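Since the structure comes first, as structure tokens, the remarks are kept for the end.
The values are calculated or read from the model by the stated rules, or taken from the named source; none is laboratory data. What you see is a predicted model; the values in this text were computed from it and never measured. Here the Cβ is made from the backbone with ideal geometry for all residues, glycine too, and neighbour counts use every protein chain on show. These area figures cover heavy atoms from the full protein model, side chains too; ligands, DNA and RNA do not enter into them. Shrake-Rupley method; radii C 1.70, N 1.55, O 1.52, S 1.80 Å.
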Amino acid sequence: MKPFAYHVATSPADAVATLAGHPDAAFLAGGTNLVDHMKLGVAEPDMLVDVSRLDLTDVTYTDDAGLTVGANVRNSDLAAHPVVRSHYPMLSRALLSGASGQLRNAATTAGNLLQRTRCVYFQDVTTPCNKRDPGSGCSAIGGYVRYHAILGASPQCVAAHPSDMAVAMSALDAEIVVEGVDGQRRIPATEFHRLPGEEPHRDTVLAHGELITAVTIPPPPAGAVSDYRKVRDRASYAFALVSVAAELSLDGDTVATARVALGGIAHKPWRAHRAEEVLVGAEASDETFAAAADAELADAEPLPGNEFKVELTRRTLMAQLRMLTERGRR
């Protein structure tokens with residue numbers, strides 16, 4: 001492992017100022033992703049700025065009865081929070097679907113959002129990877145692609161975003177609260193992560209030195225029901241082949257509101273705007289759900305080896321919408 005300096009931040013402002021002054025520094029909180037990559041030689045920061053001791057561990061109500069989640073709230077604590085379980089079951093289920101119990105006890109809210117979009121080639125320093133070494137090539141193209149993207153990829157990168165929590169945050173219209181050298185800003189969760197384009201090494205829109213301090217989540221619509229469904233190769237400690245975070249509210253047999261995000265199929269959590277447009281105002285029926293899925297997947301471009309993900313996404317989305325409709329009618 002490459003030697004590095006270590007600084008314990010005393011405040012968000014101290015953390016931001018310290019990191020901003022070191023181009024190759026990185027924030028350290030739970031370390032469940034960063035430390036692994038340092039051991040593999042994928043990441044080689046020359047300084048770690050430890051933000052794990054900052055007082056960013058509260059879950060509180062906002063003025064509009066939504067929630068503010070501190071950046072250092074552990075994934076296991078957020079999943080078990082009574083308000084999250086009762087008002088945002090989609091988020092609780094997504095958190096419990098990720099990693100393992102031990103990792104959820106260490107991983108933080110901010111760290112979960114900032115985990116690298118990656119594949120097996122990114123983590124193997126003996127192979128070319130545009131995310132790890134821009135311009136070196138993408139080993140996944142023509143290689144093992146079972147877990148890779150079918151939407152929003154580019155010739156530079158076809159990796160799929162790994163987070164479950166981030167998919168739920170996208171569907172919930174959460175906002176990421178960030179502090180930087182120029183002050184505070186709020187970034188919609190749907191705009192926080194990037195598609196690869198020509199710069200696959202940039203996973204988010206954050207500037208160097210910006211620190212996530214909180215995530216805010218608006219209150220759910222009246223009468224809305226939500227859940228998270230993850231399809232994977234084994235029951236635990238596996239990335240999603242496809243996941244669906246969905247929320248519906250009904251007015252009789254009509255879909256009144258719909259918020260849907262998909263995971264495992266793109267370089268970022270994929271907000272399903274096309275599907276939502278088909279759903280809202282339409283009859284809650286299998287025909288509508290199929291039309292919504294088809295609209296969202298119209299531009300899918302699977303790779304040789306992951307063509308199955310198109311139909312798997314379609315069926316998973318339809319099953320999730322069908323289940324939520326049944327719950328909403330009770």
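Of note:
- Per-residue HN-Hα couplings for the range 186-203 [Karplus 6.51, -1.76, 1.60; θ = phi - 60°; Hz; x = Gly/Pro]: 10, 10, x, 4, 5, 10, 6, 8, 10, 7, x, x, 9, 10, x, 6, 9, 7
- Theoretical FRET efficiency, 1/(1+(r/R0)^6), r = Cβ-Cβ of SER154 and VAL125, R0 22 Å, to 0.05: 0.50
- Positive-pole candidate from LEU279, ALA235, ALA224, dipole of the range 222-330, charges at beta carbon: ALA235
- Low-density loop positions, GluC sites (Glu not before Pro), the range 147-206 - DSSP coil, at most 16 other Cβ in 10 Å: GLU198
- More than 24 angstrom apart: percent of Cα pairs within the chain: 54 percent
- Amide H contacts for ALA160 (H built 1.01 Å from N in the peptide plane; partners 5 or more residues away or on another chain; cut-off under 5 Å): ARG118, ALA149.
- Net charge dipole, the chain: roughly 980 debye, given to the nearest 20, about the Cα centre with Cβ charges of +1 for Lys and Arg and -1 for Asp and Glu.
- Heavy-atom surface of the chain, accessible at 1.4 Å and reported per residue (Å²): 43 Å²
- The loop-placed trypsin sites (Lys or Arg not before Pro) in the range 196-248, going by DSSP, that have at most 13 neighbouring Cβ atoms within 10 Å of their Cβ come out as ARG234.
- Per-residue extension of 0.36 nm, minus the Cα-Cα distance of MET323 and ASP64, leaves a gain of 90.4 nm for this segment.
- Within the shell defined by Cβ-Cβ distances under 12 Å, the residues around GLU301 carry a net charge of -1, with Lys and Arg each +1 and Asp and Glu each -1.
- Rounded to the nearest 20, the Cβ-based charge dipole of the range 5-53 about its Cα centre (Lys and Arg +1, Asp and Glu -1) stands at 140 debye.
- About the Cα centre, charge dipole magnitude for the range 137-257 (Lys/Arg +1, Asp/Glu -1 at Cβ), debye: 500 debye
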